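One structure is given here, and the rest of the page talks about it.
Readers should treat all values here as calculations from the given coordinates under stated rules, not as data from a laboratory. Quantities reported herein were computed from a predicted structural model and do not represent experimental measurements. Methodologically, a virtual Cβ is constructed for each residue, glycine included, from the backbone with ideal geometry; neighbour enumeration extends over all protein chains shown.
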Amino acid sequence: MKILLKRAYDAPSPGDGMRVLVDRLWPRGVTKAEARVDLWLKAIAPSNELRKWYQHDPEKWPEFKKRYFAELDANAEAQRELQAHIRGQKTVTLLFSARDLERNNAAALKEYLGRKK
C-alpha cells in the first residue's frame, strides 16, 4: 500500500485513493464536500495536550514524534480501526491541516506505520 500525505486544504485528486483525515479538529474553512474525506479518525490524532504543547515548533519535532509514537503505542484500538479501514487499499492519503508539510502529525503517523510493517 502506498501512503501519501496531503493538506486538507489542497484539492482532491483521483490518485489520492482513500482519504483519511488524521487531525482531531476539522480544518477551518473547508466544507465536507470540498474535503472529500472518506474517513475522519480523530482517535488516531495526537492528544489535545500534545498538540497544544507542540504548536508546530520545529525545535520540538523529535520530542513530538517520540511522545506521539508513545500515544499511538498506547492506543491499539485506534490503530486497529485505521488498519481495518485501509486494509486492501492500493493508495491511502493521510490528510492534515498544518502548514508545515514535513513536520506534522500525518508525517509522523506515516513514519510510525512504516515501522510497523
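List of remarks:
- Ranked TRP53, TRP61, criterion: other C-beta atoms within 10 Å, fewest first: TRP53, TRP61
- Hits among aspartates and glutamates - C-alpha to C-alpha of LYS6 under 20 Å, sequence gap 8 or more where chains match: ASP16, ASP23, GLU34, ASP38, ASP57, ASP100, GLU102, GLU111
- Label zone at ALA43, where the point sits 7 Å out along the Cα-to-Cβ direction: the stretch 49-91 residues whose backbone N lies under 11 Å: 75-84
- Exceedance of the 22 Å cut-off in Cα-Cα distance is limited, within the set LYS65/LYS90; LYS52/LYS90; LYS60/LYS110; LYS90/LYS110; LYS65/LYS110; LYS2/LYS60, to LYS65/LYS90; LYS52/LYS90; LYS2/LYS60.
- Backbone phi angles across the stretch 13-27, fed through the Karplus curve with coefficients 6.51, -1.76 and 1.60 (θ = phi - 60°), yield HN-Hα couplings of 9, x, x, 5, x, 6, 9, 10, 7, 10, 9, 6, 10, 5, x Hz in residue order; Gly and Pro are listed as x.
- Packing-based exposure ordering (other Cβ within 10 Å, fewest first) of SER47, SER97: SER47, SER97
- Calculated FRET efficiency for the pair ASP100/ALA74, C-beta based, R₀ 35 Å, to 0.05: 0.90
- Under 16 Å from LYS116, Cα to Cα: aspartates and glutamates that are on another chain or at least 8 residues apart: GLU71, ASP73, GLU77, GLU81
- With Cα atoms defining each centre, the stretch 64-117 and the stretch 16-52 are spaced 12 Å apart in the structure.
- Taking the fewest neighbouring Cβ atoms within 10 Å as the starting point, the ordered list for PHE69, PHE96 is PHE69, PHE96.
- For a modelled paramagnetic label at SER13, 7 Å from Cα along Cα-to-Cβ, the residues of the stretch 31-57 in reach, with backbone nitrogen under 20 Å, are 34-39.
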